[in-house]
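Here is the structure we will look at.
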Amino acid sequence: MKKSKLVFSNHVGVEPENVVMLVLAYKMQARKMGFFTKDEWLKGLGEMQCDSVQKLQCRLDFLRCLLNDPYQFKAIYRYAYDFARDKDQRSMDMETAEAMLLLLLGEHWPLLRQFSQFLDQSKYKVINKDQWCNILEFSRTIYNDLSNYDVDGAWPVMLDEFVEWLKAERAKNDIS
């Protein structure tokens with residue numbers, strides 16, 4: 001980790017891996033993970049009416065609350081894809097995708113652990129933007145028991161394969 005990131009997070013009092021740092025980057029519309037340009041910094045802090053570290057610290061609870069608003073969360077989630085992926089690639093590598101999914105959905109999607117297991121065992125090496133966006137919709141709309149999953153729905157193949165895999169895993173565990 002670069003010293004500048006540690007210094008900033010130490011001043012603000014937030015670990016770099018804390019989801020509030022992603023929300024802060026979203027509010028600043030940062031284009032690159034771990035870095036803020038001078039323009040992003042000035043514009044973002046200006047819009048949040050923060051002209052000191054103390055004022056930014058006072059806004060952290062507000063930034064965390066944005067995650068509780070479904071529309072803001074969706075915007076932050078979508079932003080995270082372009083923010084976290086390697087800018088030379090159209091897709092996000094699986095290691096980064098899994099880390100971002102854990103950061104964003106870890107407390108909210110009970111099937112995330114199984115989804116990560118599926119990804120680790122699957123042929124997938126990257127996640128494209130359509131898959132990324134649909135993972136959020138899937139996590140919000142499909143029941144944990146999969147009872148409302150429509151096999152004829154318009155989900156990406158990755159999610160269809162996850163459902164098949166999860167049903168097979170559950171069937172194996174029921175037999176055991």
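The values are calculated or read from the model by the stated rules, or taken from the named source; none is laboratory data. None of these values were measured; they are calculated from a predicted model. Virtual Cβ from ideal backbone geometry, glycine too; neighbours counted across all protein chains shown.
Details
- Filter pass, L136 being within 22 Å of R90 (Cα to Cα), of a type outside the set (S, T, N, Q), surrounded by 11 or more Cβ atoms within 10 Å (Cβ to Cβ) and at pLDDT 95 or above: yes
- The set of residues from segment 119-146 being of a type in the set (S, T, N, Q) and more than 15 Å from V157 (Cβ to Cβ) comprises Q121, S139, T141, N144.
- Search result, residues across segment 52-84 that are farther than 22 Å from V14 by Cα and touching a helix residue (DSSP H, G or I) at 6+ places or on another chain (Cβ under 7 Å): K74, R78
- Taken together, the residues in segment 69-93 that are in a loop (DSSP other than H, G, I, E, B) and surrounded by 16 or more Cβ atoms within 10 Å (Cβ to Cβ) amount to 2.
- For N144, the conditions (1) of a type in the set (S, T, N, Q); (2) in a helix (DSSP H, G or I); (3) under 27 Å from I76 (Cβ atoms) are fulfilled apart from (2).
Conditions tested, residue by residue: (1) farther than 20 Å from E17 by Cβ; (2) of a type outside the set (D, E, K, R).
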| residue | (1), (2) |
| --- | --- |
| K32 | no, no |
| M48 | yes, yes |
| L56 | no, yes |
| L63 | no, yes |
| D69 | yes, no |
| I76 | no, yes |
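- Pairs meeting the criteria (first residue in segment 89-110 and of a type in the set (A, V, I, L, M, F, W, C), second residue part of a helix (DSSP H, G or I), beta carbons under 6 Å, at least 6 apart or on different chains) are M100/A80; M100/A84; L103/V19; L104/Y77; L105/L112; L105/S139; W109/S139.
- Residue in segment 45-68 that is among the polar types (S, T, N, Q), modelled with pLDDT of 95 or more and surrounded by 12 or more Cβ atoms within 10 Å (Cβ to Cβ) present: no
- Considered as a group, the residues in segment 105-140 that are small (G, A, S) and not in a loop (DSSP other than H, G, I, E, B) include one that is nearest to A75 (Cα to Cα), and that residue is S139.
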